[in-house]
Amino acid sequence: MREFFALPEHERLAIDNVNSPHFRGYTRTGDERTGGRQDWRDQLDIGAERAARVPGADEPSYWWLEGPNQWPEALPELRSVALAWVDRLSGVAERLLRELLVSIGARADFYDPIFGERAHPHLKLVRYPGSAGSGADQGVGAHKDYGFLTLLLQDQVGGLQVEREDGVFHDVPPIPGAFVVNLGELLEVATNGYLVATNHRVVSPPHAVERFSVPFFYNPRLDARVEPLVFPYASGAPGVTDDPANPLFAEYGFNELKGKLRAHPLVAERHHAGLLSPA
Ligand SMILES: O=C(O)CCC(=O)C(=O)O
Ligand SMILES: [Fe+2]
C-alpha cells in the first residue's frame, strides 16, 4: 500500500474517484468531508468488483454503489492482492459476527441470508499525511461506519480514538498484528440500540509524520433490509441513537449512500446532483 501512495500524483489522479459515479478510486487529501469539515487524508476506495450499475427510474438510487473499481496501471498486482484480502477478511468477519450474535443469545445464522454472493464489502487504503497547514487536526472526523463490523489494521503511529460511554474520545493504542473491531450502524439497528455503533475519529499525526491504515468494512447486500434481531435482550433495548444529522437506515444501500454523498461532495455534485437534498 505504501507503493500506491508513493506513485506520482498524476498516476493516482488518473483513478480519481471524481471519475466514478460508483464512489470508487482515489480521493486526494482535502476532497473528503466528515461532519462538514475537511478530512486530512488521501485514500483508495475498493469494493466488490462488479459491472457498472445505473439504477432505473423506478429502482433505488443506492444501486449506483455497485460498479467496477479503478486500479493504478503502474501497480498491476494491487488488484489481486486487494481483492484476495477482501475475500479473506469477509470470512473472518463472518465468523466474528456469528460469534458475536451467539454471545448475546441470538442464532449464529440470523443474518446469513443478507450476505452471500451479492454482499457489498468495502476496503480502503488510507494515508494520513500529517497535520494540515491550517493547523486543523482532523485526520477523519468523528463518525460511525455504515455496516455490521469493521476490521481495521493500523500502523504504529496512533491517532485513532473511540468515544466511550463517558462521552470522551479515548486513544486506541496500536497493537502489532491486531485488528481494531468497530461495531457498525447496522448492528445498532439490528439490536435496536442494545449494541451501539462505535463513534470514532482519527487525530492527524503531528507535523509531517505519515500514518497508514487499512479498514475493511463487512457489509451485507445493498438491498438487504436488516430485520430486528431475535435475542433475549431485545425487549429492553433502548432504541437506536436519535441524531437528525445522521439517520440510521435499515435498508443497507440507503445507509451507505447517505454516507458517501456526504463524504464525497465532488462525486455527488458531478454524478448525483439529483440525489442531493436542497440545502
Ligand atoms: O484510519 C483509521 O484508523 C480509521 C479509518 C476510519 O475510521 C474509516 O475510514 O472509516
Ligand atoms: Fe470509520
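The values are calculated or read from the model by the stated rules, or taken from the named source; none is laboratory data. Note that the structure is predicted; figures quoted are calculated from it, not measured. Backbone-built Cβ (ideal geometry, glycine too); neighbour counts: all protein chains shown. Heads up: the accessible areas ignore ligands, DNA and RNA and are worked out on the full protein's heavy atoms, side chains in. Shrake-Rupley method; radii C 1.70, N 1.55, O 1.52, S 1.80 Å.
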| Across region 129-167, what is the number of residues that are touching a Pro at 6+ places or on another chain (Cβ under 6 Å) and within 9 Å of ligand 1 (Cβ to nearest atom)? | 4
| R12, sole failed condition from (1) assigned to a loop (DSSP other than H, G, I, E, B); (2) at pLDDT 95 or above | (1)
| Filter pass, L83 being within 29 Å of L160 (Cα to Cα) and either among the aromatic types (F, W, Y) or not in a loop (DSSP other than H, G, I, E, B) (or both) | yes
| Given (1) within 17 Å of the chain's Cα centre (by Cα); (2) surrounded by fewer than 16 Cβ atoms within 10 Å (Cβ to Cβ); (3) not aliphatic (A, V, I, L, M), index of the condition E3 fails | (1)
| query | Any idea how many residues of region 168-205 are away from ligand 1 (no atom under 16 Å from the Cβ) and over 30 Å from D223 (Cβ atoms)? | reply | 1
| message | Which count do you get for residues in region 57-77 that are surrounded by fewer than 17 Cβ atoms within 10 Å (Cβ to Cβ) and under 19 Å from V267 (Cα atoms)? | response | 3
| request: Being within 13 Å of ligand 2 (Cβ to nearest atom) and open to solvent by 10 Å² or more (accessible area, probe 1.4 Å) is the filter here, so list the residues in region 123-137 that pass it. | output: K124
| message | Let me confirm something: among V140, V92, V126, V54, which residue is at pLDDT 95 or above and farther than 25 Å from E269 by Cβ? | response | V92
| Unique residue being in contact with a helix residue (DSSP H, G or I) (Cβ under 7 Å, 6 or more places away or on another chain) and either modelled with pLDDT under 95 or on the phi > 0 side of the Ramachandran plot (or both) when the list is G35, G30, G25 | G25
| query | Among S80, S103, which is the only one that is polar (S, T, N, Q) and open to solvent by less than 80 Å² (accessible area, probe 1.4 Å)? | reply | S80
| Taking the condition out of contact with any strand residue (DSSP E or B) (no Cβ under 9 Å at 6 or more places or on another chain) and within 26 Å of F115 (Cα to Cα), does E165 pass? | no
